[in-house]
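The values are calculated or read from the model by the stated rules, or taken from the named source; none is laboratory data. Remember, predicted model here, so these are calculated numbers, not experimental data. Glycine gets a Cβ as well: all are built from the backbone with ideal geometry, and neighbour counts include every protein chain shown. Calculation scope for accessible area: heavy atoms of the full protein, side chains included, ligands and nucleic acids excluded. Shrake-Rupley method; radii C 1.70, N 1.55, O 1.52, S 1.80 Å.
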Amino acid sequence: MNKRGHVLNALLLSIGLGYVLEPSGDVVTFETIAAVTVPVVLGAMVPDIDTAFGRHRKTLHNLLVLGVVAAYPVYFGNLQYVWIGVLSHFVLDILGSRRGLALLYPLSDNEFNLPVGVPVDSKYADAVMAAVTAVELATAAVIVYRVPQSALQAGLQAAGLA
């Protein structure tokens, strides 16, 4: 997926997350959208910094980077939504493009993908991006509304994240 697709995905995802987290549609919903939009968009852009150094789709497109970014809110108490942007970038690259990602880099250069993506310059790239965004939002809604919060909290505590 290209940078435009990642930014558009992050913007749409942020709006959807605002409604998933605060579905009332009033000021609180729009405050939530405002709170998540900048961190999610910034997170969605972080992996592509490796186009300026390192090896693209390897150096900053791996589970180690996702783990470091996800640990920020736990350790430093900030950047709560940046990891969502990074994760959405990874999902979009795995589902939306043909190349995939080296998720285990630097341990392995093997790239993982699913055979459902399109080339970055495809006329269908925006439609694929929209479909992936819908899947991401549906997954977020299931987590928020269907996973028992006590089980979710227990899992986060067991992982040291809460």
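Would you work out the relative contact order for the stretch 9-105, in percent, from Cα pairs under 8 angstrom that are 6 or more residues apart?
Working: 124 pairs, mean separation 28.6, N = 97.
Once divided by the residue count of the stretch 9-105, the mean separation gives 29 percent.
Dividing the mean sequence gap of close Cα pairs (under 8 Å, 6+ apart) by how many residues the chain holds gives a relative contact order of 23 percent. For Rg and Dmax of the Cα atoms in Å, the value calculated from this model appears in (1) 32.4, 91; (2) 15.2, 48; (3) 15.9, 47 under label (3). If the segment from residue 104 to residue 7 were pulled out straight at 0.36 nm per residue, it would be longer than the present Cα-Cα gap by 32.5 nm. Build a GNM of the chain with springs between Cα atoms under 10 Å apart, and of 127, 70, 52 the one that fluctuates most is 52.
Averaged per residue, the chain has 55 square angstrom of accessible surface, using a 1.4 angstrom probe with ligands and nucleic acids left out. Counting only whole DSSP H helices of the chain, the ones at least 27 Å long by C-alpha along their axis and with mean Kyte-Doolittle hydropathy no lower than -0.5 are 27-45, 125-145.
Given R₀ = 35 Å, FRET efficiency for residue 140-residue 26 by Cβ-Cβ distance, to 0.05? Please list the in-between numbers first.
Numbers: r = 20 Å, r/R0 = 0.57.
The computed FRET efficiency comes out at 0.95.
Within the stretch 3-159, what whole-number % of the accessible surface is contributed by carbon and sulfur, with the 1.4 Å probe and all protein chains included in the calculation? Before the final figure, lay out each step's value.
Values: 5920 of 8580 Å².
Answer for the stretch 3-159 is 69 percent, counting heavy atoms of protein chains only.
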